[in-house]
1. Which condition from (1) of a type in the set (Phe, Trp, Tyr); (2) within 26 Å of B:Ala737 (Cβ to Cβ); (3) at the interface with chain B (Cβ under 8 Å from one of its Cβ atoms) is the one that A:Phe67 breaks?
2. Out of all the residues in the stretch B:539-556, which are under 16 Å from B:Leu510 (Cα atoms) and more than 25 Å from the chain's Cα centre (by Cα)?
3. Which of (1) of a type outside the set (A, V, I, L, M, F, W, C); (2) under 30 Å from B:Gly323 (Cβ atoms); (3) within 14 Å of chain A (Cβ to nearest Cβ) is the odd one out, the single condition B:Asn219 does not satisfy?
4. With the requirement that a residue be modelled with pLDDT of 95 or more, polar (S, T, N, Q) and more than 13 Å from the ligand (Cβ to nearest atom), what does the stretch A:47-69 give you?
5. So A:Lys18 clears everything in (1) among the charged types (D, E, K, R); (2) more than 8 Å from chain B (Cβ to nearest Cβ); (3) under 14 Å from the mean Cα position of the chain (by Cα) except one condition, right? Which one?
6. Looking only at residues that are within 30 Å of B:Lys742 (Cα to Cα) and part of a strand (DSSP E or B) in the stretch B:906-923, which one is farthest from the other protein chains (Cβ to nearest Cβ)?
7. In the list B:Ala697, B:Ala651, B:Ala692, which residue meets the criterion of being of a type in the set (A, V, I, L, M, F, W, C), out of contact with any helix residue (DSSP H, G or I) (no Cβ under 6 Å at 6 or more places or on another chain), at pLDDT below 95 and in the same structural domain as B:Gln880 (by TED's automatic domain parsing)?
Amino acid sequence: MFLINCPYCGERDQQEFKAGGEAHIVRPKQPTELSDDEWAEYLFMRKNIKGVQFERWNHVHGCRKWFNMVRDTSNDEIKAIYKMGEKPPSQ
Amino acid sequence: MTKNLRVKSSEYIDETNRISFKFNGKTYHGFKGDTLASALLANNVHLVGRSFKYHRPRGIMTSGSEEPNAIVQINPGTNRTEPNVRATEVEIYEGLEASSQNCWPSVEFDIGGINNFLSPFFPAGFYYKTFMWPASFWEKYEFFIRHSAGLGKSPTSSDPDIYDHRNIHCDVLVVGAGISGILAAKNAAKNNFKTLLVEEKNELGGSTIFENNEFNKINNKTPSEWLKKEIEELKNIKNLGIKTRTSVAAYHQYNYLLARENLTDHLEAKDKTNKIRQRLLKIRAKKVILATGALERPLIFNNNDRPGIMLSSAIKKYSEFYGVACGSKNVFFTNNDSAYESAMSLYNKGINVEAIIDIREQSESKIVKKVKEAGIKIYWSHSIVDTTGYKRLNSISIMKLSNDGTSVTGSKISISCDCLGVAGGWTPAVHLYTQSGRKLKFDDEKKVFLPNQNTSEQISVGSCGGDFKIDEIIKNLNQKLKDILNINETDLDSIKIEIDHENSKRNIWLLPSDKPLGKTKPFVDYQNDATAKDIKLALREGFRSIEHVKRYTTTGMGTDQGKLGNMHALGIIADTAGVKMGELGTTTFRPPYTPLTFGTIVGRNVGKFFDIFRRTPMNDCHVENKAEFENVGQWKRAWYYPIKGETMHQAVQRESKAARESAGILDASTLGKIDIQGSDASEFLNRVYTNAWSKLAIGKCRYGLMLNEDGMVYDDGVTTRLGENHYIMTTTTGGAANVLGKLEDYLQTEWPELDVYLTSVTDHYATASLCGPNSKKILKKIIPDLDLSDENFPHMSFKEANIGSIQCRIMRISFTGEHSYEINVQASYGKDLWKKCMEAGQEFKITPYGTETMHLLRAEKGFIIVGQDTDGTMTPIDLQMDWIVSKKKYDFIGKRSLYRSDTMREDRKQLVGLLTDDPNIVLEEGAQIVSELNQSPVEMLGHVTSSYFSPNLKKSIALAVVRGGKDMIGKKLFVPMENKNINVTVANPVFYDEKNERLNA
Ligand SMILES: [Zn+2]
């Protein structure tokens, strides 16, 4: 059970949060211009890394805010947490 | 059997408080402070169970939670019965009853014991192999295996006890209250850390509390004397909480630990009532200090499992702590000095020690000299090659060990004895450490796996960290405490230690016998009856991974998770396969460390608290009306309202007719309601719904369909424009929370530039839906001053009004196809609103209807229910709802996916109506649809999604999804059922009032 440091609320138990998949996938501004393959790339293709992964999380039973997390999936170490729109920390 | 082996008084046993208890139906006596095991041993009872596979007689082996053999059923036949309890952990109380498990008809005479003589037929992997042999054999084995397998009996009536959960936050959690744990907790608390010390036993002090080796001294006192004073001092320390009878079951990431606190298991039945039995502590600690100690290892030799063969340390504890002699003719078998301490402990109390068998060549320590002086015979370089005694050990035979330790030589000496203490060294209890996700390293000198990592959040101290001697323990503890607590001095700085040094070691994982291995029974895992033979067989059969060998031989898979024998199993594998133990690694230690009761896990969440449920503000009215309820998400919704013994079908038919012929009323409070405000609210709706919203006038309502980005229908509902920048959206009952989450997601992550605010107001409003040709008249009676004319208040529009002093929002919208109003009031007025409607509707025989009738009425109209007629694979085009998908809008969620080649296929499953050729046959929802009956296999074209008997149409109607169904109107298809085929015709899904004339009736 992680202890997650919500950027708006502080440290809270993992059960208050919901994981929301890979981070930094931007919804295309002009979907109609995309080919089926390009659209499918956006829609379906997600990384599943053993190691450092950038993820979206939502404090769903708290402030309801979405934020980003950098997590090492091999040992669940949370390396960084930052707000939506903020630049991801460099390696 | 009645011989009393109580040899000395002990401060932990209250001999003035005599307690009677029953074991296997026979009454025994013990004293307050005894465990079931110590009391049985005092009564000279060793035989307490039968082993799992061979049903071999087994006795008490240990004095703690690692016990593999003495597994008993507590209070059998009562509603408080509990199986698989370790007799070594049960504190006795007046009236306690316990019985042996895994034996029939009795532990003394057990039919399964025949398995022992059949054992050549039960090799490693026996259970797996029975699956592989000719299939017909399995039935024969199954009968046999099912009758001999299984440990204990679960209770058959409900648990009378109360369980609880508690969250605990602390700066420092110390697990284990032996000498290291006590000193760690004391120093942490003294340095202003909020500290919690938990101990699984009922007394603090661990094994040091009965450590009386005169050659070990702390500040010139024996360790036990010194530690007792330290424990006294704990009482006066602030910031320190102590919980005994509390066992840490699991250690998760981020220092989150679960512990079970036992509150009433040691009390008499009359004192248990109305008290919490066990509490699950959910502990979040900033720092964790593991001081879980070490478990003594047995030695692996032929027939090492007879009742009377125990751990040397256990014999010492029974003698020193409980004042019980485990035997009258004792022998010890050892590879280190600790057995000499046990021997002296017995000797000093006048208990007879016949001999010590030591696999080492010699030892020069003071305690060994003391044993020699006492005249106890020591056999150096000897090993036990066999033991005898079926239900109780009566002799051992020993032979000289070869120099390399792989064989025995010389003549056999037989020694008669009734108790054998084995001392094979110490295994650090690293279970919790590994559960926390950290790795172990193998220490070649100490022959143990040790924690590889001390961090600023966690350290392992004392013997679980690999320090076994008091001087090592104190020195390393001192440094580790300074590091983790970030302090410069501790109480430990000034401690003076004298120690009796052990200087010779010899470790042999599997001791040889004069017989070949195949003719011996050296048990490695007592509980699962796995022997060294089984492990070697597994290796011969090609298993290499330790995880595979474990599963194939079942080594370490009992309720004790192989706490005693795991290291030997690894050692034997390493020796046989010729690899280093460090390279082999260990099996995974999984939570719980010791078994947990289901009650503790569930806590208070039983009965009506098992799951969360929500009730609408009108709930009391439905109960008064004798409604049956159904669960929709977490909501309890009125399902139908049977009168005078009506069946569900009869009630629903009556309700459905009433709603169309005069008036019905539905509690629609559960529909999700989201308040949307902000200057970009219209633009936002444009992006999330498939249809256009910018031109919706204030005071008007519109139905909307929401897709996922993959183009599939996600949710639907009516949204009303309350003001220029203000909307109220309704969602499906089950989808409310997810829709809000999805909208927030887009707002916060994709479109943060939009000025929009979302608030869930589902619980703030109560909603009654008035429907039917007389609904207008009823509403008029309730709100006489509201102009209900079609001109002023047309279909799909909204008005604010007052019912007396109650403000309400009224939408003229319809999910039934009838003239209807949805009246929303503040939730606390819901009941009042319902009663007013019922009163006003009395003259029109207003009929409350439930969710079943609502479903029937909307099916007559061909309106979909998201989640019933859709399943996450239906686009709006598939649903024949092209009309709601805007062609003009540049983008909305899911739009691009509607133009993927797959979503544009003509032969996708599409929503259609189905009519049965026999109008009285009602199809089953979920039934499959085919076009051919005489073909096999035959393609399933689709399935029935909604099906009812329509009282208004007087025939059966159904909605279905059918491959290419859009172009099949009029086509004959079949619904094959188990014993009949039903002929159906594809139809338009709108069965009733296709022109929507009744909306304005
Ligand atoms: Zn938050």
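1. A:Phe67 satisfies all of (1) of a type in the set (Phe, Trp, Tyr); (2) within 26 Å of B:Ala737 (Cβ to Cβ); (3) at the interface with chain B (Cβ under 8 Å from one of its Cβ atoms) except (3).
2. If the condition is that a residue be under 16 Å from B:Leu510 (Cα atoms) and more than 25 Å from the chain's Cα centre (by Cα), then B:Leu539 is the only one that fits.
3. That leaves (3) as the condition not met.
4. A:Gln53, A:Asn68
5. Just one mismatch for A:Lys18, condition (2).
6. B:Val912
7. Residue meeting the stated conditions: B:Ala692.
For (1) in contact with a helix residue (DSSP H, G or I) (Cβ under 7 Å, 6 or more places away or on another chain); (2) surrounded by fewer than 18 Cβ atoms within 10 Å (Cβ to Cβ), each residue gets a yes or a no:
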site	(1), (2)
B:Asp560	no, no
B:Lys563	no, no
B:Asn566	no, no
B:Leu570	yes, no
B:Ala574	yes, no
B:Val579	no, yes
B:Glu583	no, yes
B:Phe589	yes, no
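The values are calculated or read from the model by the stated rules, or taken from the named source; none is laboratory data. Keep in mind that what you see is a predicted model, and the values were worked out from it rather than measured. FYI the Cβ positions are ideal-geometry reconstructions off the backbone, even for glycines, and counts take in every protein chain you see.
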